[in-house]
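Asker: Pasting in a structure now, in structure tokens, and then I'll have a few things to ask.
The values are calculated or read from the model by the stated rules, or taken from the named source; none is laboratory data. A quick note: this is a predicted structure, and the numbers were derived from the prediction, not measured. Every residue, glycine as well, gets a Cβ built from its backbone with ideal geometry; the counts of neighbours run over all protein chains shown. Accessible surface is based on the protein model in full, side chains and every heavy atom, while ligands, DNA and RNA are left aside. Shrake-Rupley method; radii C 1.70, N 1.55, O 1.52, S 1.80 Å.
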Amino acid sequence: MALVHELSWSVSRSGLLADCARSYYNNYYLGWLGWERGAPVERKKAYRLKKLHSMATWAGDSLHVALADWFAERQQGREAPGPDWVRDRALERLRQGYRESRDRADEWDRRPSKLTRLSEHYYGEDSVDEATGEAARYGKRFVERIEKGVACFFEEPALARCRDTDPATWLACEELGTIELFGTKVYAIPDFALKDDGAVWIYDWKTGRPRERDRFQLSLYALYAEQVWGVDPTDVVAVDVYLTTGELSEMRFDRAELEATLARVEESMARMRELHFDADAGVGDAARFPMLEKGDPACGRCNFRELCGR
């Protein structure tokens, strides 16, 4: 069945539009259909750039994948692997992605969805240029993040509920799910959720710094729990776990905050609808999605900086 361009909503999509409308356009509109052989050059370029990873996001993804694999081992009835198993699995993925990015650039250009390419390599940043000697220090930073994250997961007493409960109580583990709000499909991917002591617990693994939208994301997950698992969202206990620092932020949401979350989602959807067009029919008008001012530090971290001449 052919893919059809549609408007959907997620916390990450909403955040990208709030951060930079042009990056949002490149990601969700210009890059659409860029995987097709006969696509215009600009669409192919945007699609490839969308597939870039930074070392930070690749390291975070590697830890997420290794933890999901740990839960899968337990769910399949096998003995729970130890921390060395998780660490080695995450580090091997990190290093494999680095090698793939460094050595298979030409192949990635033809198969961007199948191979790893780091933005640091693509844009020729010195931080990953082994000839400078800086790469060893740069890479060590992300190895240490993974090691700290694994130690937090296995040693933090407050995470015993995640490590020790019967898999029969688990509700989700890195599973893409959808609900509907205001007539629009909403995507959510809870990192881990279970039912314990009459409450639903939702955990979100974080490998970066705390952000304002972290709480907003978890309040959305409480609404997701209401639709998908049929629980009172005010009974949901949500926990942000900042794995690299060992900080845990446990929260509940009253009706007033959940109503505020719904209002924020509705407002975000309204802005998206104003900008939305059928990307199956063409690339639209990029001018409706303004770029950030020149010199904005966010541009230096954006996958699409090449398209914007930044």
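Each row is one residue, and each column tells you yes or no for (1) surrounded by fewer than 17 Cβ atoms within 10 Å (Cβ to Cβ); (2) at pLDDT 95 or above; (3) part of a helix (DSSP H, G or I).
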site	(1), (2), (3)
R137	yes, no, yes
R141	yes, no, yes
E147	yes, yes, yes
A151	yes, yes, yes
A158	yes, yes, yes
C162	no, yes, yes
L171	no, yes, no
T178	yes, yes, no
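Asker: May I pose another question? Considering the stretch 19-31 alone, what residues qualify as being assigned to a loop (DSSP other than H, G, I, E, B) and among the hydrophobic types (A, V, I, L, M, F, W, C)? Don't jump to the end; show me each part of the working.
Answerer: First, the residues of the stretch 19-31 that are assigned to a loop (DSSP other than H, G, I, E, B): 20, 31.
The one that is assigned to a loop (DSSP other than H, G, I, E, B) and among the hydrophobic types (A, V, I, L, M, F, W, C): C20.
Asker: Could you tell me which numbered condition G15 fails, if it satisfies all but one of (1) under 27 Å from V143 (Cβ atoms); (2) open to solvent by less than 10 Å² (accessible area, probe 1.4 Å); (3) in contact with a Lys or Arg (Cβ under 9 Å, 6 or more places away or on another chain)?
Answerer: It fails just one condition, (1).
Asker: Same structure again: Only residues that are farther than 15 Å from D191 by Cβ and touching a Cys at 6+ places or on another chain (Cβ under 6 Å): list them for the stretch 241-263, please.
Answerer: G246
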